[in-house]
Amino acid sequence: MTHLPTAPRAATRLTARAANRRSFLVCVGLAVAILGFGVLALGTGSISVAPLDVVRTLLGNGSRITNFAVLDLRLPRVLIALAVGAALGMSGAVFQSLSRNPLGSPDIIGFNYGATTGGLLVILLFGGGTLAVSGGALAGGLVTAIAVYVLAWQRGVRGSRLVLVGIGISAILQAINFYLIVNAQIADVARATVWLTGSLNNLGWTQFWPLVIALVVLIPLLLAGARRLDMLEMGDDAAAALGVRVERSRVYLLIVGTAACAIATAAAGPIAFVSLTAPQLAKRLTRAAGAGILPAAWMGALLVLVADFAAQRVAGASTLPVGVATAALGGAYLGWLLWRRR
């Protein structure tokens, strides 16, 4: 009798290994797609650069013109797009797993709007610079996360209640944002409007380094909570039986997930729907259980890069903010998701 569980246990291990192998291959495939599309984005524009010349320039063998076009103009934008997309993808994976709901992403349950409100307050009331706006967005996101958690608490936090409370908080924060814009000075409104749509325009190395430093700190913190996040997906009782401190782990994941969303919002403004779509698309490719933080990061990076490339090309001489492209993509995906769930 003691040998009966051996076969199911072996089958479970084989299934887990297959899922891990598939997740790894998906991450590799997404990385290759990012490299290919990144070379295309770096070579496309008013100064056209052939793919081989782009590679030579990145390796330090470019001409003065290609160095200017690739390294000075386009590379910071591409890297910021990748960093912002990765942060949004990881944040979405954390919150969809915590809420056990595909609609439980930061831009649906209010954390994105909280970061937006914090950034707007700094821009419109204090005229702050990039670092001040980043701090305001981070503070706004964390305050919103705490408010949603407290209001959703009822002998613990359930996923559906978290989503419903978050949607209510989102509506309130959107009203506050509109009020701030309507009552602000015209010059400040122009700056805030560009930031509100989610834009990578006029971003360079100055904005890239604070973003990448924040990600270097946050990514290990997110990955450190991945195992607890996978256990929480099984339910609070099962996670507690496995030794997880449920509420402490949930608060930890809430803070680091909100921080990832907030730093992306601080850098480029609220880019809609990436944190909603990236984890779901990654899961469809990996077909693996769990949050899938790393596949979601790669998928988010690819989505923002492709959306920014499309936004720069579709409007002709003018350049659309990347948030317009992701909103069009994400809105269609949200409608399909709701129809499918119905």
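I181 versus L131, label points 7 Å from Cα toward the beta carbon: distance in nm?
For the pair I181/L131, the computed spacing is 2.9 nm.
Which FRET efficiency value, to the nearest 0.05, do you get for D72 and L151 by plugging their Cβ-Cβ distance into 1/(1 + (r/R0)^6) with R0 = 45 Å? Can you show the working numbers first?
Values: r = 47 Å, r/R0 = 1.05.
With a Förster radius of 45 Å, E is 0.45.
Springs between alpha-carbon pairs under 10 angstrom, Gaussian network model over the chain: which of I293, I255, I271 fluctuates most?
Most flexible of the set in this elastic network: I255.
Could you point to the label whose value was computed as volume of the Cα convex hull per residue in Å³ for the structure here, given (i) 155; (ii) 211; (iii) 133?
It is the value labelled (i).
Taking only DSSP H segments of four or more residues, each worth -39500 (n - 2.57), what value at 222 nm results for the chain once the sum is divided by all its residues, to the nearest 500 deg cm²/dmol? Present the calculation step by step, with values, prior to reporting the outcome.
Numbers: 15 runs with 255 residues, N = 342.
After summing the helix terms and dividing by the residues of the chain, the value is -25000 deg cm²/dmol.
Starting from the Cα of R284, step 7 Å toward the Cβ, then list every residue of segment 70-95 with an amide N under 12 Å from that point.
Inside the label zone: nothing.
Under unit Cβ charges (Lys, Arg +1; Asp, Glu -1), what dipole magnitude, rounded to 20 debye, does segment 21-155 have relative to its Cα centre? It would help to have the intermediate numbers written out before the result.
Details: 8 positive and 3 negative charges, 72 e Å.
Here the size comes out at about 340 debye.
With labels modelled as points extended 7 Å from the Cα through the Cβ direction, what inter-label distance (nm, one decimal) is found for V217 paired with I65?
With each label placed 7 Å out from Cα toward Cβ, I get 4.3 nm.
Would you mind putting 278-286, 184-192, 80-88 in packing order, based on average other-beta-carbon counts within 10 Å, highest first? Can you show the working numbers first?
On the way: 278-286: 22.3, 184-192: 13.8, 80-88: 28.1.
The peptides rank, most packed first, as 80-88, 278-286, 184-192.
Taking the Cα-to-Cβ direction at L164 and at F37 and moving 7 Å from each Cα, how far apart do the two end points lie in nm?
Between L164 and F37, the simple spin-label model gives 3.7 nm.
With all protein chains present, how much of the accessible area of the chain (probe radius 1.4 Å) comes from carbon and sulfur, to the nearest whole percent?
Numbers: 11340 of 16760 Å².
So the carbon and sulfur contribution to the accessible surface is 68 percent.
Of I172, A238, F126, whose Cα points farthest to the positive end of the dipole of the chain (charges on the beta-carbon: +1 Lys, Arg; -1 Asp, Glu; origin at the Cα centre)?
A238
Just the accessible area per residue of the chain, please: how many Å² with a 1.4 Å probe? Provide the component values of the computation, followed by the final result.
Numbers: 16760 Å² over 342 residues.
For the chain, the per-residue accessible area is 49 Å².
Do you know the relative contact order of the chain, to the nearest whole percent, from alpha carbon pairs under 8 angstrom that are 6+ apart? List each step's numbers first, then the result.
Values: 527 pairs, mean separation 95.5, N = 342.
Once divided by the residue count of the chain, the mean separation gives 28 percent.
The values are calculated or read from the model by the stated rules, or taken from the named source; none is laboratory data. Everything numeric here is computed off the predicted structure, so don't read it as measured data. Counting neighbours? That spans all protein chains shown, and the Cβs are built from the backbone with ideal geometry, glycine included. What goes into the accessible areas is simple: the full protein's heavy atoms, side chains included, and nothing from ligands, DNA or RNA. Shrake-Rupley method; radii C 1.70, N 1.55, O 1.52, S 1.80 Å.
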